[in-house]
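To start, the structure itself, in structure tokens.
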Amino acid sequence: MANTIASHSHIGDRPRPAVNYLNAQKGLWSWMTTVDHKRIGVMYLVGVLSAFFIGGMFALMVRLSLLTPSHMLFGRVLMTAETYNRVFTLHGAIMVFLFIIPSVPAALGNFVLPLMLGAKDVAFPRLNLASFYLWCTGAAMAIASMIIGAVDTGWTFYTPYSTTTQGTVGLMVMAVFILGFSSIFTGINFVATVHKLRAPGMGWFDMPLFVWGIYSTAIIQVLATPVLGITLVLLLLERVFNIGIFDPKIGGDPVLFQHFFWFYSHPAVYIMILPGMAIISELIPTFSRKTMFGYRAVAYSSVSLALVSFIVWGHHMFVAGQSQLATVIFSALTFLVAIPSGVKMFNWLGTMYKGNISLETPMLYAISFLLLFAIGGLTGIFLGTLSVDVHLTDTYFVVAHFHYVMMGGTVIAFVGGIHYWWPKMTGRMYNEFWGRIACVLVFIGFNVTFFTQFIMGSLGMPRRYYNYLPQYAPYHMVSTIGSWILATGFFITAAYLLASLRKPMDAPDNPWGGTTLEWQTSSPPIEHNFEDQPVLQRAPYDYRPEPVGHK
Amino acid sequence: MEQQADTTKIGMWLFLATEVLLFGGLFVGFGLMQSRYPQEFIEAHEHLQRPLGALNTIVLLISSWTMVMAVLSSKRADRKKTVMFLLLTILCACIFLGVKYFEYSHKFEEGLLPGHWYKAQVTDTVHTAAGTLSHGYATFFSFYFMMTGLHGIHILVGIILLAWITVRANRGEFSSAYFTPVDLIGLYWHLVDMIWIYLFPLYYLIK
Amino acid sequence: MTTHTENTHAHGGSESRTYFVTLVALLILTIITVAASYVDFGAGNIVIALFIATVKASLVALIFMHLNHEKPINAVIAVAGFLFLGIFLMFCFIDFDSRVNFQPVNVKPVVQAPATPAPAAAPEKK
């Protein structure tokens, strides 16, 4: 670690530069042809949040249809069963492929990673732009497939239904294929960036934990996504040419499709959660003003989570027709994958212990994460336990579990991260009062919506069902009302964040007192990030006061 | 400069790892289907023309050699040799595709086609309990066409990339200071060769 | 395993020589593997074929793709690709090879309903 004093000014001393990455070049064309990771990150942010909005609308529609067993709203049936199948499929597909997988890495990771490393940009800036355009192409194709005919297979595209059903499965599958390559190229970019573009003095164990999380995610993106690619190709060929790999009528094996699909999709859920955890690892030390407890443990747990995620995929197939031996092995391995997550939980708590905690909005989201991810993660263990899973599989218990980890985990962390880095990205502070209100609404709404589903599921309510028995009606109604509270919270968030953009740029360089390198540059940053190449002076999360005379 | 070359090389190897997993998925599917239909796969593979497969293997190995020689020549700024070796690589690739064309024509004539287009052959002995021909034969050829087809597409893309750097090499753009494009496309080409190294025994040689 | 030890940090002509010798080795291995395929070793055929293929692939990777004198990270990435592919293959085979087709023991077998005579005219309903 270098002891040289970097030639950047102290926090707050520097006058705000007139030219930053937002106004350095003007006009739509400059944005469309940019290779600046910050601009690409902002464009991704707009894209994924739009996808979140669309997917969220579909979710509200699903819950509306389930409000009463008669599916009626204001005296009319809201949607037919066929439409319902399409709506929940699209909700899942959009949320998984268009929103959550790119979300943190592409939107926040793109913006923050090079800044945290003290670099000017990512390793392959043009590839970065290509990734973004691939995302746009995939999004356009997915939306086209929705408009032309829609898909009703569930986001998991299980065969033989997906190989034989009507609807625009082919177009949606091709969209996902392209989105997969967007993800792969982002992964390649980030691995190369972390290996080669760190600032002088920054060894592997001097990196912020956000970088470790994004790096681990990138490993999964590179190794797992190609298998999704080939799975989709095989699905398409089966649909068009009847090649006979997945359809039992022509000699195929539907469980083989599930092996292929889940070999990617299980590591994919770690693509979803690892960046969320990475954000939490930034928020908690900053808002506890205390160094991360067990930095190395958290770093190692990120990488081991990425690697172990590859050997548990069969736990999605316990009742699918897998052999008993494979099932038992996968169940045992699933217990292993909980360990790194547990390590992180305890390290975060250990960081907060005796810390100087301040409850700004990002920290409220971080604390929400701890509570919600704990529930989501633990219920994952219930589901990984073979004897329990045979009763809970394909019930609302599973639905609640994955919403707790994906929404209560990743989305909560993502929103917390957006708030945390909002001043850095936009140069403005959002309204803190409304931030806290919205966070509380989101937390309450989320639990009302999804905790009810745990109960419903354990009482036997199956997932993806249009019809349900009257005994589940109260739970469905409560859950739907919860979805309205949740939506309100998010709408308020969107409102005050957008409103903040109309204020003048007056955010300080380092409003939170963070110690990582992105806070050493202006808010918003200049085009090439730092005026002079930063050299690392102190470890990340080092909140000890600077020694006297160190200037 | 060295950091730049190192960085792009890591990027290329990461991309090659994704290709290994992409093709690997097909290998896994093939392997699993082979364990499900062992007899059918043995009988089906007899229809493949082993000498042509061996010829293609040799052609690709030679093209790998011409490719690495092209990389070496570009590093030495030997413009003539670089262009010569690149053109030889392209020639080998074209021969490979030509042989494949003959093989595919033969398959089409004999009705050895994927999926529901497969025509039962005299040598097919395995039947299902219901008396119809086992699906294993059609499955074999589905995988044959998928894997050799995807491989062929990669060869085609390789030819286009090779043509592009041949033009650049002819302009004298490469030297020991900068020969990265040749190096990276070389890596891609060797991977395409490696995939065939595994494809050949699995399809043409296994009993 | 016949690892050819032409791994000299070569300059000038010895690099060319290394590459040419490697090509010859690859061609010889190809001839061997094709010849071996005409002999019936039973289950050994697939082992021999894949073993030789792996030797050939290793030669291409180490010498043609320069993994033997480059930074180790590239080799780690290459190995990782094959390793995870192997994991995929292994678990799928564990599933496929241990499947047992059995009838659930506590389910009664389906009994074909006895053929019923044509139903009598349905009583008039009002």
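Looking at segment A:204-211, can you tell me whether even one residue there is under 19 Å from the mean Cα position of the chain (by Cα), open to solvent by 10 Å² or more (accessible area, probe 1.4 Å), under 30 Å from A:Gln537 (Cα atoms) and modelled with pLDDT of 95 or more? For segment A:204-211, residues under 19 Å from the mean Cα position of the chain (by Cα), open to solvent by 10 Å² or more (accessible area, probe 1.4 Å), under 30 Å from A:Gln537 (Cα atoms) and modelled with pLDDT of 95 or more: absent.
Within segment B:68-80, identify whether any single residue is within 18 Å of the chain's Cα centre (by Cα), more than 10 Å from chain C (Cβ to nearest Cβ) and at pLDDT 90 or above, and answer yes or no.
No; the residues of segment B:68-80 include none that is within 18 Å of the chain's Cα centre (by Cα), more than 10 Å from chain C (Cβ to nearest Cβ) and at pLDDT 90 or above.
Scanning segment B:10-29 for residues that are aromatic (Phe, Trp, Tyr) and surrounded by 22 or more Cβ atoms within 10 Å (Cβ to Cβ) gives B:Trp13, B:Phe23. Residues in segment B:129-156 that are open to solvent by 30 Å² or more (accessible area, probe 1.4 Å) and modelled with pLDDT under 90: B:Ala129, B:Ala130, B:Gly131, B:Thr132, B:Leu133, B:His135. Taken as a whole, the condition of being among the β-branched types (Val, Ile, Thr), at the interface with chain B (Cβ under 8 Å from one of its Cβ atoms), open to solvent by less than 20 Å² (accessible area, probe 1.4 Å) and assigned to a helix (DSSP H, G or I) applies to A:Val227.
Counted as qualifying within segment A:29-123 are the helices (runs of 4 or more DSSP H) with 1 or more residues that are open to solvent by less than 40 Å² (accessible area, probe 1.4 Å) and charged (D, E, K, R), namely A:37-65. Per this entry, A:Gly187 is not counted among residues that are open to solvent by 10 Å² or more (accessible area, probe 1.4 Å) and within 21 Å of B:Asp6 (Cα to Cα). Based on what the data block shows, is C:Ile46 closer than 20 Å to B:Leu184 by Cβ, modelled with pLDDT under 95 and in a helix (DSSP H, G or I)? Against the criterion (closer than 20 Å to B:Leu184 by Cβ, modelled with pLDDT under 95 and in a helix (DSSP H, G or I)), C:Ile46 does not qualify. Against the test of being in contact with a Pro (Cβ under 8 Å, 6 or more places away or on another chain) and of a type in the set (A, V, I, L, M), the options A:Leu256, A:Leu223, A:Leu234 yield a single qualifying residue, A:Leu223. Restricting segment A:161-182 to residues that are open to solvent by 10 Å² or more (accessible area, probe 1.4 Å) and polar (S, T, N, Q) leaves a set whose member that is farthest from the other protein chains (Cβ to nearest Cβ) is A:Thr168. Among the candidates B:Val126, B:Val99, B:Val83, B:Val68, single out the residue that is in contact (Cβ under 8 Å) with a residue 12 or more places away in the chain and surrounded by 22 or more Cβ atoms within 10 Å (Cβ to Cβ). Being in contact (Cβ under 8 Å) with a residue 12 or more places away in the chain and surrounded by 22 or more Cβ atoms within 10 Å (Cβ to Cβ) holds for just one of B:Val126, B:Val99, B:Val83, B:Val68, which is B:Val68. The set of residues from segment A:322-344 being open to solvent by 10 Å² or more (accessible area, probe 1.4 Å), facing another protein chain (nearest Cβ under 8 Å) and in contact (Cβ under 8 Å) with a residue 12 or more places away in the chain comprises A:Gln322, A:Ile329. Is it the case that segment A:287-294 has a residue that's in a loop (DSSP other than H, G, I, E, B), surrounded by 23 or more Cβ atoms within 10 Å (Cβ to Cβ), facing chain B (nearest Cβ under 9 Å) and not aromatic (Phe, Trp, Tyr)? For segment A:287-294, residues in a loop (DSSP other than H, G, I, E, B), surrounded by 23 or more Cβ atoms within 10 Å (Cβ to Cβ), facing chain B (nearest Cβ under 9 Å) and not aromatic (Phe, Trp, Tyr): absent. Screening the candidates A:Gly244, A:Gly252 for the property of being assigned to a loop (DSSP other than H, G, I, E, B), crowded, with 24+ Cβ neighbours inside 10 Å, on the phi > 0 side of the Ramachandran plot and within 11 Å of chain B (Cβ to nearest Cβ) yields one hit, A:Gly244.
Could you list, in sequence order, all residues of segment B:32-55 that are under 20 Å from the mean Cα position of the chain (by Cα) and away from chain C (no Cβ under 11 Å)?
Passing the criteria: B:His47, B:Leu48, B:Gln49, B:Leu52.
From the set of residues in segment A:427-468 that are aliphatic (A, V, I, L, M) and out of contact with any Gly (no Cβ under 9 Å at 6 or more places or on another chain), which is surrounded by the most Cβ atoms within 10 Å (Cβ to Cβ)? Give the steps one after another, and end with the answer.
Of the residues in segment A:427-468, the ones aliphatic (A, V, I, L, M) are A:429, A:437-438, A:440-442, A:444, A:448, A:455-456, A:459, A:461.
Okay, now just the ones that are also out of contact with any Gly (no Cβ under 9 Å at 6 or more places or on another chain), so A:429, A:455-456, A:459, A:461.
Values: A:Met429: 17, A:Ile455: 16, A:Met456: 25, A:Leu459: 13, A:Met461: 21.
Filtering first and then ranking leaves A:Met456.
For A:Ala278, the criteria (1) within 22 Å of the chain's Cα centre (by Cα); (2) surrounded by fewer than 24 Cβ atoms within 10 Å (Cβ to Cβ) hold in every case but one, which is (2). Of all residues in segment C:64-90, those satisfying the criterion of being more than 8 Å from every other protein chain (Cβ to nearest Cβ), closer than 30 Å to C:Phe20 by Cβ and in a helix (DSSP H, G or I) are C:Leu67, C:Asn68, C:His69, C:Pro72, C:Ala75, C:Val76, C:Val79.
Of all the criteria given as (1) hydrophobic (A, V, I, L, M, F, W, C); (2) under 30 Å from B:Pro38 (Cα atoms); (3) open to solvent by 10 Å² or more (accessible area, probe 1.4 Å), the one not satisfied by B:Ile159 is (2). Scanning segment A:169-181 for any residue that is over 27 Å from A:Tyr84 (Cα atoms) and under 25 Å from the mean Cα position of the chain (by Cα) turns up at least one such residue.
When you look at A:Ala374, is it under 28 Å from A:Leu66 (Cα atoms) and open to solvent by less than 20 Å² (accessible area, probe 1.4 Å), yes or no? Considered against the rule, which asks whether it is under 28 Å from A:Leu66 (Cα atoms) and open to solvent by less than 20 Å² (accessible area, probe 1.4 Å), A:Ala374 comes out as no.
Here B:Ala120 meets the list (1) free of Cβ contacts under 8 Å to residues at least 40 places away in the same chain; (2) open to solvent by 40 Å² or more (accessible area, probe 1.4 Å); (3) away from chain A (no Cβ under 11 Å); (4) part of a helix (DSSP H, G or I) almost entirely, failing just condition (4).
A single member of B:Ile58, B:Ile95 is in a helix (DSSP H, G or I), β-branched (Val, Ile, Thr), facing chain C (nearest Cβ under 8 Å) and within 14 Å of the chain's Cα centre (by Cα), and it is B:Ile58. All conditions in (1) under 26 Å from A:His419 (Cα atoms); (2) hydroxyl-bearing (Ser, Thr, Tyr); (3) buried (at least 17 other Cβ atoms within 10 Å of the Cβ) hold for A:Ser358, with the sole exception of (3). Every condition in (1) away from every other protein chain (no Cβ under 14 Å); (2) modelled with pLDDT of 90 or more; (3) surrounded by fewer than 18 Cβ atoms within 10 Å (Cβ to Cβ) is met by B:Ile165 except one, and the failing one is (3). Output the residue which, of all residues in segment A:511-543 that are out of contact with any His (no Cβ under 7 Å at 6 or more places or on another chain) and of a type in the set (Asp, Glu), is farthest from A:Ala119 (Cα to Cα). So, considering only residues that are out of contact with any His (no Cβ under 7 Å at 6 or more places or on another chain) and of a type in the set (Asp, Glu), the one farthest from A:Ala119 (Cα to Cα) is A:Asp542.
The values are calculated or read from the model by the stated rules, or taken from the named source; none is laboratory data. Just so you know, these numbers come straight off a predicted model, no measurement behind them. Here the Cβ is made from the backbone with ideal geometry for all residues, glycine too, and neighbour counts use every protein chain on show. Calculation scope for accessible area: heavy atoms of the full protein, side chains included, ligands and nucleic acids excluded. Shrake-Rupley method; radii C 1.70, N 1.55, O 1.52, S 1.80 Å.
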